[in-house]
Amino acid sequence: MPSTMSGVYLIDHGGPEMLEWRGDIPVPVPGVDEVLVKVLAAGVNNTDINTRIGWYAKEVTGATDAVDEDVEVGGWSGALQFPLIQGGDLCGEVVVLGDGISQFEIGQRVTCPINQPVPTQDNPFGFQALGSEYNGAFAQFCCVPADQLYDVSASPLSDIEIGAMPCAFGTAMGLLERAGLKKGETVLITGASGGVGMAAVQLASLRGAHVFAQTSAAKAEMVRQAGADEILGRGETPGSQTVQVVIDLVGGPAWGGLIDALRPGGRYATSGAIAGPIVETDLRTIYLNDLTIFGSTYQSPQVFGKLVDLINQGAIRPLVSKTYPLDQIAEAQEEFAAKRLPGKLVLLPWAAKGVKATD
């Protein structure tokens, strides 16, 4: 094993200039019950950008592309320890086992959830986030608690495809589980051309639901291929009281229309607010129609385990529009934020300039 590695430090909240490419980062040493993983691929996600710009700070109330405040406490769990290696998506290979590890072997291909459950008696929904509470996958190696890792060696999917899945598909699976989407039900999915949205379309279709998907005309065909039954423009709904479930990743000014679209007894679940976190609706619509609203960030091992089963079966597959060497992370995040490409973008730590693939 080398003593140093290449990777990207986030040195503070702010713009892409806060991403510092380094070739002299110490390779982490796995502690008791930890595994050192060689990172093969790491997806680009909203949460990485939101954390960098400090969007999770309470004083930030606008859309994710309109943050101009200087924040100090901008992580989703509060203040972050800088420098930090971000990266919540991981496909990797086991290279070193810490003391007490018997469930994994050197060479196994693994992945893990970004939101890793660490429940306590006081907080049964407690979790730590890869790339936020501890160093993540935007480097050639990272250490992960063994009880958060899952074997995906049997999957027919590529390293790049698996590296695009934990955050997007894990979040989507959590949303559908929280909302209790069933076969034959109708569901409206916002932001359907993004990573989480397209994953939600695939997973909802796999459950046998009838899927209404909001997206732009330019991306409609790809969303339809992912499993959408009907395509709606951004901000459009099928009409008042037409769907049983709403999966919302957008929020913003159109939020009230999503609540109006729910049938009596309907369920709304959210795990994003790219158009803005401050929303407005008529509370009478909620209580007179017996609607239920779910927030969804925590994912139980059972939920992520269901996703891993589908990955190993090859039953689902992400759309990866483009890959980048890790040292081009700023360009990748700029492209991701522009939303010109559907699906996922993926970073490759071992394809960066000056890095040998055999290192």
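The values are calculated or read from the model by the stated rules, or taken from the named source; none is laboratory data. Nothing here was measured: the structure is a model prediction, and the numbers come from that model. Every residue, glycine as well, gets a Cβ built from its backbone with ideal geometry; the counts of neighbours run over all protein chains shown. The area values use the complete protein model at the heavy-atom level, side chains included, leaving out ligands, DNA and RNA. Shrake-Rupley method; radii C 1.70, N 1.55, O 1.52, S 1.80 Å.
Residues D282, D89 ordered from highest to lowest accessible area at a 1.4 Å probe: D282, D89.
Accessible surface of the chain, 1.4 Å probe: 50 percent of it comes from carbon and sulfur atoms. Under the simplified labelling scheme, the T292-S77 pair shows an inter-label distance of 2.8 nm, with each label point 7 Å from Cα along Cα→Cβ. Loop-located trypsin sites (Lys or Arg not before Pro) in region 51-111 (DSSP state other than H, G, I, E, B) with a sparse environment of at most 12 neighbouring Cβ atoms within 10 Å: K58. E59 exposes around 100 Å² of accessible area when a 1.4 Å probe is run over every protein chain in place.
One chain, two ends: A338 and K322. Fully extended at 0.36 nm per residue, the span grows by 4.4 nm beyond their Cα-Cα distance.
Debye-formula intensities of region 31-73, expressed as log10 I(q)/I(0) at q = 0.16, 0.17 Å⁻¹, are -0.57, -0.60 (one equal scatterer per alpha-carbon, no solvent). Of the peptides 113-119, 250-256, the order by per-residue mean of other Cβ atoms within 10 Å, starting with the highest, comes out as 113-119, 250-256. Cα centroid separation, region 144-181 to region 259-329: 14 Å. Distance between the modelled labels on E236 and Q121, one decimal in nanometres: 5.4 nm (7 Å Cα→Cβ projection). Using the heavy atoms of the protein chains and a 1.4 angstrom probe, tell me the accessible area per residue for the chain in square angstrom. I get 42 Å² per residue for the chain. Within the listed set S271, S205, S102, the Gaussian network model of the chain (springs between alpha-carbon atoms below 10 Å) gives the highest mean-square fluctuation for S102.
Neighbours of S216 by Cβ distance under 14 Å: Lys/Arg scored +1, Asp/Glu scored -1, total +3. At the listed q of 0.09, 0.19 Å⁻¹, the Debye profile of region 187-307, built from one uniform point per Cα, gives log10 I(q)/I(0) equal to -0.23, -1.02. For S3 and Q225, the difference between the fully extended length at 0.36 nm per residue and the C-alpha to C-alpha distance is 75.4 nm.
Over 20 Å between Cα atoms: which of K219/K322; K306/K339; K182/K306; K219/K344 fall into that group? Kindly include the intermediate steps, with their values, before the conclusion.
On the way: K219/K322 15 Å; K306/K339 29 Å; K182/K306 15 Å; K219/K344 13 Å.
Pairs exceeding 20 Å: K306/K339.
Find out how many positive minus negative residues lie around E161, taking Lys and Arg as positive, Asp and Glu as negative, among other residues whose Cβ is under 14 Å from that of E161. Don't skip to the end; give the middle numbers.
Values: positive: R109, R317, K322, K344; negative: D89, D159.
Once all neighbours under 14 Å are counted, the net charge is +2.
Compute the Cα gyration tensor for the chain, then decide on rounded, prolate or oblate, letting a ≥ b ≥ c be the square roots of its eigenvalues: rounded whenever a/c is under 1.5, prolate when a/b is larger than b/c in the other cases, and oblate in all that remain. All intermediate terms of the calculation are to be shown ahead of the outcome.
Details: a/c = 1.72, a/b = 1.53, b/c = 1.13.
Cα axes put the chain in the prolate bin.
Residues whose amide H comes within less than 5 Å of that of V246, counting only those at least five positions distant or on another chain, are L188, R267, Y268, A269 (H built at 1.01 Å from N in the peptide plane).
Determine one quarter of the surface area of the Cα convex hull of region 69-137, which equals its mean projected area, and express it in nm² to one decimal.
Working: hull surface 26.3 nm².
Average of the hull's projected areas for region 69-137 equals 6.6 nm².
Using the Cβ of W76 as centre and a radius below 15 Å, the other residues enclosed give a net charge of -2, where K and R count +1 and D and E count -1.
A cut-off of 5 Å between modelled amide H atoms, ignoring neighbours fewer than 5 places along the same chain, links Q140 with S6. Each residue of region 36-43 was assigned a 3J(HN,Hα) from its phi angle through the Karplus curve 6.51 cos²θ - 1.76 cosθ + 1.60 (θ = phi - 60°); the sequence is 8, 10, 7, 7, 8, 6, 9, x Hz, with glycine and proline shown as x.
What's the Kirkwood radius of region 125-211 in Å, using all Cα pairs?
Details: mean 1/r = 0.0675 Å⁻¹.
The Cα-based Kirkwood calculation yields 14.8 Å.
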